Amino acid sequence: MTHALMRWLVWQTAALLTGFFVDFIVGDPYSIPHPVVGIGKWISFFDRKLRRGNSNPKDVGRGAVTVVLVALISTAVPLAAAALAWRIHPVLYYVVESVMCWQILAARQLFREGKKVERALEAGDTEKARYAVSMIVGRDTNVLDENGICRAAVETVAENTSDGVIAPLCWMIFFGAAGGFFYKSINTMDSMLGYKNEKYLYFGRAAAKTDDVVNYLPARLSALLMIAACPLCGLDGKNAARIFRRDRYKHASPNSAQTESVCAGALRVRLAGDAVYGGVVHKKEFIGDPLREIEPKDITRAGRLMYAASALTLLLGVLLRAAVILVCF
């Protein structure tokens, strides 16, 4: 390993740690424009320019082109910014890279939005809770009762433990902030285009399949780290492992139930089941066993499990980089 590469690893690791802790403390301030909004605008631009219409098989290729172009743009911009900052001075690189790592992570924001749902439920304000949960889930929330609202919030915290925190952390551990932006572009395209409806059945297929690929290993690593983190949070790790083995494929996505099954087992509750999207009931299997009734405090418990698992991810990443430096330099 060259001296320059070792220096980059040290500075990038420092930036990754800084970004993680800034997100933990600050989250995403509403007053600061978020780069994911910019990614979303590029996705919408190519959607308008390339998609031919509803249920057009020719849109499969055009959707694939969209995935490539958006991913290239989303990766090239932060990569160029980091490279330019490095050429000027490592300290400037550290600042730029820290900010980008911070913006990629969504742990604090997810925890904050979940707490809004929890507080509304505890106050007995079902309508406010429905509105709060509608900000973080894609299903129809007007049909949810209090238990349904609570389940929806826990499920989205569990799923986004991988999608919003551990998966981008993994990509940044191996490829820096630019790798995190690459992942985030794929994940955002899936959330905007990856629907099996008339509009995006063909155009969004490439986005959905690509997201399945880039999330395959991170989703499973997230689940294992969540199981390992259960004792740190006072949760049932043994039951989490049991439900994970049994229910981790009870979802249309090959990845989503990986972390949801762990969370259901850790909390000793039952998640998932039928959900309504656009007025249409979608049949889904249950995940977990109803060993007790779900309650609003489970949203915070799921959030703490998310934080503990993400901290373990960061620790493993730092130890891996330290081992590489010691062995290769």
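Once a ≥ b ≥ c are taken as the square roots of the eigenvalues of the Cα gyration tensor of segment 228-329, is the result rounded (a/c under 1.5), prolate (a/b larger than b/c) or oblate (a/b not larger than b/c)?
Verdict is prolate for segment 228-329.
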Checklist entry - When the Karplus curve 6.51 cos²θ - 1.76 cosθ + 1.60 is applied with θ = phi - 60°, which whole-Hz ³J(HN,Hα) does each residue of segment 303-311 get, with x for Gly and Pro? => result x, 5, 5, 4, 5, 5, 5, 5, 5
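Rounded to the nearest 500, what is the chain's calculated 222 nm mean residue ellipticity when only DSSP H runs of at least 4 contribute -39500 (n - 2.57) each, over all residues?
The helix-only estimate for the chain comes to -24500 deg cm²/dmol at 222 nm.
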Checklist entry - Pulled fully out, how much extra length does the chain show between Ala252 and His282, if you take 0.36 nm times their separation in residues and subtract their Cα-Cα distance? => result 9.7 nm
Checklist entry - If Lys and Arg each add +1 and Asp and Glu each add -1, what is the summed charge of the other residues whose beta carbon sits under 10 Å from the beta carbon of Gln103? => result -1
Checklist outcome for this item: Relative contact order as a percentage, segment 111-243, C-alpha pairs under 8 Å and 6+ apart, gives 15
Checklist entry - Which one, (i) 87, 57, 48; (ii) 57, 52, 38; (iii) 59, 58, 40, gives Cα extents along the principal axes in Å as derived from the coordinates shown? => result (ii)
Item to check | segment 181-198 - phi-based ³J(HN,Hα) in whole Hz, Karplus 6.51/-1.76/1.60, Gly and Pro as x | outcome: 5, 4, 4, 4, 5, 5, 5, 5, 4, 5, 5, 9, 10, x, 9, 8, 10, 4
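About the Cα centre of the chain, how large is the charge dipole given +1 on each Lys and Arg Cβ and -1 on each Asp and Glu Cβ? Please answer in debye to the nearest 20. Mind dumping the intermediate values first?
Numbers: 39 positive and 29 negative charges, 145 e Å.
Once rounded to the nearest 20, the dipole reads 700 debye.
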Item to check | Cα-based reach from Lys58 at 14 Å (exclusive), listing aspartates and glutamates while leaving out same-chain residues under 8 positions away | outcome: Asp47, Glu198
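Please tell me the relative contact order of the chain in percent, rounded to the nearest whole number, where contacts are Cα pairs under 8 Å and at least six residues apart.
21
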Checklist entry - Residues with amide H under 5 Å of Ile287's amide H, sequence separation 5 or more or different chain, H placed in the peptide plane at 1.01 Å from N; which? => result Leu271, Ala272, Gly273
Checklist entry - What is the set of long-range amide H partners of Tyr277 at a cut-off below 5 Å, with H atoms built 1.01 Å from backbone N? => result Asp140, His282
Checklist entry - How long is the gain from Asn54 to Ala228 if the chain were fully straight, where each residue apart is worth 0.36 nm and the alpha carbon distance is subtracted? => result 58.2 nm
Checklist outcome for this item: Rounded to a whole %, the carbon-and-sulfur portion of the accessible area of the chain at a 1.4 Å probe is 64
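Could you give the length gained by full extension between Glu122 and Val68, i.e. 0.36 nm per residue of separation minus their alpha carbon distance, to one decimal place?
Numbers: separation 54, 0.36 × 54 = 19.44 nm, distance 4.50 nm.
Separation in residues times 0.36 nm, less the Cα-Cα distance, equals 14.9 nm.
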Checklist outcome for this item: For segment 231-329, averaging the sequence separation of alpha carbon pairs under 8 Å that lie six or more residues apart and dividing by its residue count, the contact order in percent is 23
Checklist outcome for this item: Of the listed pairs Lys41/Lys250; Lys41/Lys196; Lys184/Lys297, those with alpha carbons more than 31 Å apart are Lys41/Lys250
Checklist entry - What is the distance in Å between the Cα centres of segment 61-106 and segment 231-302? => result 34
Next on the checklist: Residue by residue through segment 267-282, what is 3J(HN,Hα) from phi via Karplus (6.51 cos²θ - 1.76 cosθ + 1.60, θ = phi - 60°)? Round to whole Hz and write x for glycine and proline.
Outcome noted: 8, 6, 10, 10, 10, 6, x, 4, 9, 10, 10, x, x, 10, 6, 9
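The values are calculated or read from the model by the stated rules, or taken from the named source; none is laboratory data. Quick caveat: nothing in here was measured; it's all calculated off a predicted structure. Every residue, glycine among them, receives a Cβ derived from its backbone with ideal geometry; neighbour counts consider all protein chains shown. For accessibility, only protein heavy atoms count, side chains too; no ligands or nucleic acids. Shrake-Rupley method; radii C 1.70, N 1.55, O 1.52, S 1.80 Å.
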